[in-house]
Amino acid sequence: RVARSGEAYFSSRLEQSPQSVERQFATNVFGVFDVTRAVLPVMRAQRSGHVITISSLSGIIGIAGSPVYGATKFAVTGWSEGLGRELAPFGIHATCVHPGMFRTDFLDPTSVGHADVEIDDYAPFRAEQRAYLDASSHTQLGDPAKFGPAIVRLAALGTPPERWAAGSDTLASFTQRSRELADSATEWEELSRSTDIPQD
């Protein structure tokens, strides 16, 4: 079925139509840009504020079966980091929040979307993913009742983080990604440096 604006969409990139990709970016990326653009003049005038952007665990580690959703979350993650550095001279903070899996209706059939262009080669993976998502619905680790108060605490910090992991599952992803990046930098250091212009 075709995903509606504002819902999650989990499928292989090749099983997602261009129209549904555009809708997901319109909501998850350009919608965030537009709302932030509307409030920034007030924050700049008062020389204070805190822009809190909601990304996802999928904005830290790419997950098979939801590359487009992940792309939207990676997009706002990078945007938030750059935005924060532009806003700092005005006394405005920016934090990107990465929620893990919270026990909401997020994975319900009324919310989540799946492939709208089915490809036979992906049928086994598609079935496995849908079974996993169905089993995960309403069994997630995160407590939504605790998320709001945590955001309030975050908003009140004098020196908030650029990124914050909401939930122990995302916290583990932060650790995993930092190790992967460090390991990759070490393994490929020589090749990376080989592209530099030699310095006198």
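The values are calculated or read from the model by the stated rules, or taken from the named source; none is laboratory data. None of these values were measured; they are calculated from a predicted model. Quick reminder, even Gly has a Cβ in these numbers, built from the backbone with ideal geometry, and neighbours come from all protein chains shown. Side chains are part of the model used for accessible areas, which takes the heavy atoms of the whole protein and leaves out ligands, DNA and RNA. Shrake-Rupley method; radii C 1.70, N 1.55, O 1.52, S 1.80 Å.
Rounded to the nearest 20, the size of the Cβ-charge dipole of the chain about its Cα centre is 980 debye, with Lys and Arg at +1 and Asp and Glu at -1. The Stokes-Einstein estimate for the range 55-142, based on a Kirkwood radius over Cα pairs and taken at 25 °C with 0.890 mPa s viscosity, is a diffusion coefficient of 164 µm²/s. Seen from THR95, the other residues with C-beta closer than 9 Å to its C-beta sum to a net charge of 0, counting Lys and Arg as +1 and Asp and Glu as -1. Entry note, the chain: the mean residue ellipticity at 222 nm calculated from DSSP H runs of n ≥ 4, each adding -39500 (n - 2.57), is -15500 deg cm²/dmol after division by the residues and rounding to the nearest 500.
Along each principal axis, taking the top coordinate minus the bottom one, the Cα set of the range 69-200 gives 60, 45, 25 Å in descending order.
Accessible surface calculations at 1.4 Å, restricted to protein heavy atoms, place the chain at 59 Å² per residue.
Across the alpha-carbon atoms of the range 120-196, the computed radius of gyration and Dmax are 19.4, 53 angstrom.
At q = 0.28 Å⁻¹, what is the log10 ratio I(q)/I(0) for the range 140-183, with the Debye formula run over Cα points and no solvent? Debye curve over Cα of the range 140-183, log10 I(q)/I(0) at q = 0.28 Å⁻¹: -1.01. Phi angles of the range 137-149 translate, via the Karplus equation with coefficients 6.51, -1.76, 1.60 and θ = phi - 60°, into HN-Hα couplings of 4, 6, 10, 5, 6, x, 9, x, 5, 9, 5, x, x Hz per residue; Gly and Pro are given as x. In a reduced charge model with +1 at each Lys and Arg Cβ and -1 at each Asp and Glu Cβ, the range 45-129 shows a dipole moment near 600 debye about its Cα centre. Would you mind estimating how fast the range 39-92 diffuses translationally, via Stokes-Einstein at 20 °C and 1.002 mPa s with the Kirkwood radius over Cα pairs, in µm²/s? Once the numbers are plugged in, D ends up at 175 µm²/s.
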